[in-house]
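Peer 1: Starting off with a structure, shown below.
Throughout, read-outs are computed from the coordinates displayed, never taken from laboratory work. From a predicted model like this one, the values you see are computed outputs, not experimental measurements. Every residue, glycine as well, gets a Cβ built from its backbone with ideal geometry; the counts of neighbours run over all protein chains shown.
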Amino acid sequence: MHNDMVYTLFMDRRTIMPPRGEKPMSTKKAKSEMHSETQAQVASFAQKTVDQAQAAFEKVSEVAHSNVQIMDEAANAYKNRVTDIQLKTMEFAQLNLNAGFAFARKFVAVRDPSEAMSLQQAFFKDQAETLQRQAAELSELSVALAKESMKPVQETMTKSFSGFSKAVAA
């Protein structure tokens, strides 16, 4: 059946009446053409649906792979910074133990109680200042841990929203 022709179907005569000047077409032939055209439309629709489904799957797959890479980067940054914190904590523990042993050696060598009290006060004061510096350094490392672990995720989110904003603006 041609798209540029207009046909009128008369059910009682079993013929399709074409525009003036053209020969009538039998009902069987018209049905056959309509069936053939319908099949072509269904096939075209099915192909488009499959193409769209494949494109959607490829996009989801791409996003999933991207997310795995982002999480891997974040996990590596986290692991590296946690290792830094662990090593720094071990270093501080060793320094503090050495300071304690040095104090103990000096303390057992003292014979005068006033000198022992003075030595103990000086040790506690020095250790308090040392612990304060160590806590500040561990705090800085913890902040760096949080920032660097989230950096890959944050960069991806920024790019995504930037792309989304451009798409919406267009």
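Peer 1: For the stretch 27-76 and the stretch 120-140, write down the distance between their C-alpha centroids in whole Å.
Peer 2: So the two Cα centres are separated by 65 Å.
Peer 1: Just grab the label-to-label distance for T156 and M71, each label 7 Å out from Cα along the Cβ direction, in nm (one decimal).
Peer 2: About 0.9 nm, to one decimal.
Peer 1: S142 versus F45, label points 7 Å from Cα toward the beta carbon: distance in nm?
Peer 2: 6.2
Peer 1: Please find the FRET efficiency linking T38 to E62, where r is the Cβ-Cβ separation and R0 is fixed at 41 Å, and quote it to the nearest 0.05.
Peer 2: After rounding, the FRET efficiency stands at 0.70.
Peer 1: Could you please tell me the mean projected area of the C-alpha convex hull for the stretch 68-150, averaged over all directions and given in square nanometres to one decimal?
Peer 2: Directional mean of the projected Cα hull area for the stretch 68-150 stands at 5.4 nm².
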